[in-house]
Each structure stands twice: as C-alpha cells, then as structure tokens.
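J.: Once you've had a glance at the structure underneath, I'll fire off some questions.
No value in this document is a laboratory result; all are computed from the given coordinates. Keep in mind that this is a model prediction, so the values were computed, not measured. Here the Cβ positions follow ideal geometry from the backbone for every residue, glycine too, while neighbour counts run over all protein chains shown.
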Amino acid sequence: MSTQTKITRKTTFDIRKMKQQGEKISVLTAYDYGTAVILDESDIDIILVGDSLGNVILGYDTTVPVTMEDMLHHTRAVARGTRRAMVVADLPFMSYQVSHEAALINAGRLLKEADAQAVKLEGGREHAELVRKMTVAGIPVMAHLGLTPQSIHQLGGFRVQGKKEDAAEKMMQDALALEEAGAFSLVLECVPGKLAADITAALSIPTIGIGAGVECDGQVLVVNDMLGLYERMTPKFVKKYANLNLEIRNAVKRYVEEVKSGAFPDEEHSFK
Ligand code: KIV
C-alpha cells in the first residue's frame, strides 16, 4: 500500500463551504512557479493569476495591455507549482468583451491549456449572461466589482467605488445578478466597508475583499505588494508583511562587493 498522503486540491465547493462555516478565505496573487510553490505550501486557499502581472511583472502602467498569451504563460507556471490551492486566472482586457463565443473560447483555454480551475472577469450585470454560459459550460467564474482596473480609463483613476447611494445600490444589484448567473465568488475592490458587509450578507457565495473591509468572506492582496517587492505604487489597503525590496537590494550589494573584492567564491563554494 502506498504511504503517500493524497493531497486534494480546493474546489469551488470547498470555497463556498468555507463561507457557510464562517471560515475566512485567504487569496494571494502569483505569477511564477517558485512563488506558487511557496504560497501553496503555506496553505493559501486560492492563488489568483491576476492581470496585475501587467503592473508588477511586466512593468506596464495599467492592466490594459495584458494579453491572453501573457495569462496562459504565467498561469501554466503557477499551475505547475500548485497542488493544494485553487488556481484562478484573470481573463485579460478584451478577451471576453467582444463576443460570448470568443469569451468562452478564451476562458476554456485557461482551463484546458494552462490548468486553471476557474477564471475571473470584471464587471456587473452586463456580463451576467456570459457568466451563465461559462458556468453551464463547466467553467467556474469569480466575478469582480468595485474598482475594476481594466476600466481605469473609464473610471478616471484609482478611487473608492460605490460611495454614493445610487452607486452602492447598483453594485448590490450587480452582485445579486452575478450570483444568480452562477458566479462562485465575488471580488470587491476598493469598496466602503459597510457596502461590502451588506453585499456579503446578501449573497450566499463568498466575497473576497481588497480594500473592502473586514466583513468580506475572504481577503486578497497582490503578492508583490504584501511582500514589499513592488514599490512604484502602494495603495492604502496594502499591508506589507515583509520588505523584500530592501532584502534583495542588500543581498545584491553584498554580492557585487564580494565579487569585486574576490571574497566570492570562497573555498566552500569552489571545487577542489
Ligand atoms: O489582477 C489582480 O491581481 C486582481 C486582484 C487585485 C483582485 O484582480
């Protein structure tokens, strides 16, 4: 008999059950194999291959230029490093807005060719029919409301969404429509805590907050932000759990000094 312990991967069923049982859901982004291994072995529930890779990995100002090929490439790497966590991949800008047919093909590619278990898309009830079609096709969908970075040129900047009464009511109706269409979870980004709490209470699917207060069913952060790696912009909701930027700078400085002085490689790191 095999002595190996069977590792089971989190499913949408598990994620929904966590809400019912009052267990908070932990989500971080990852874009590469090595980071995915660390997150997976640290018991993260969901790894999101976010299109934030456009900012933190590819150096763009926004997520708008990210392509399907970028998402497939990075999702494959993350999936290879993951055994326990559920892998959700972002559908990039214009991969799901042009037609439902193209959207289904693109979402299917992230599952078939890159081994994601679900996709995420941004927007409200205007995408409800698409969410329904994807769900019927067997593609679990994580929805995303509030600050939706792919629409940054329309939103006119990175700011809190749903502050006015009519905007809050619209977000609530969008959330209900997305749940009804079959979304298995909903990201709420930059939303007042009270509105996020109301939406969380109104839905049976879990909400995952980012800058949306403590009442959400789970939390997500961009891994490069929370590790203190990405310094170009730090939103108020980011808590830095490490300062890897400084650690790396110090390590590289020491390496350069030791190469220049001949202190590296020493005997321990050389062959006789
Ligand atoms: O792309 C991303 O990383 C995201 C999260 C910020 C939710 O959408």
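J.: How many angstrom separate the Cα center of the range 101-121 from the Cα center of the range 20-47?
T.: Centre-to-centre distance over Cα atoms comes out at 20 Å.
J.: Could you tell me which of the pairs Lys120/Lys194; Lys19/Lys163; Lys163/Lys194; Lys10/Lys120 are separated by over 19 angstrom between their Cα atoms in the structure shown?
T.: Violating the 19 Å Cα-Cα cut-off are Lys120/Lys194; Lys19/Lys163.
J.: Where in the range 65-162 are there trypsin sites (Lys or Arg not before Pro) that are in a DSSP coil and have at most 10 other Cβ atoms within 10 angstrom of their Cβ?
T.: Hits after loop and neighbour filter: Arg159.
J.: Can you find, among Tyr31, Phe271, Val66, the residue sitting farthest towards the positive end of the charge dipole of the chain, where Lys and Arg contribute +1 and Asp and Glu -1 at Cβ?
T.: The residue sitting most towards the positive pole is Phe271.
J.: A further question on this structure: Taking the Cα centre of the range 35-97 as the origin and placing charges on Cβ (Lys, Arg +1; Asp, Glu -1), which of Tyr96, Ala77, Ile47 is farthest toward the positive end of the dipole?
T.: Toward the positive end, the furthest listed residue is Ala77.
J.: Which far-off residues, 5 or more places away or on another chain, put their amide H under 5 Å from the one on Asp51, with H placed in the peptide plane?
T.: Residues meeting the criterion, in which the H sits 1.01 Å from N, are Asp90.
J.: Run lengths n ≥ 4 of DSSP H only: what is the helix-derived mean residue ellipticity at 222 nm for the chain, with -39500 (n - 2.57) per run over all residues, to the nearest 500?
T.: The helix contribution divided over the chain gives -12000 deg cm²/dmol.
J.: I need Met171, Met233, Met86 ordered by Cβ neighbour count within 10 Å, fewest first.
T.: Lowest to highest Cβ neighbour count: Met233, Met171, Met86.
J.: What distance in nm separates the two pseudo spin-label positions at Ala263 and Thr135, each 7 Å out from Cα along the beta-carbon direction?
T.: Taking the two extended label points, one gets 6.0 nm.
J.: Whats the longest run of the chain with zero GluC sites (Glu not before Pro) that are DSSP loop and have at most 15 other Cβ atoms within 10 Å?
T.: 114-230
J.: Here is a follow-up. Would you mind checking the radius of gyration and Dmax of the chain based on alpha-carbon positions, in Å?
T.: Reported Rg and Dmax, both Å: 20.2, 74.
J.: With the chain treated as a Gaussian network of Cα nodes joined by springs under 10 Å, which of Gln154, Gln219, Gln117 yields the largest mean-square fluctuation?
T.: Gln154
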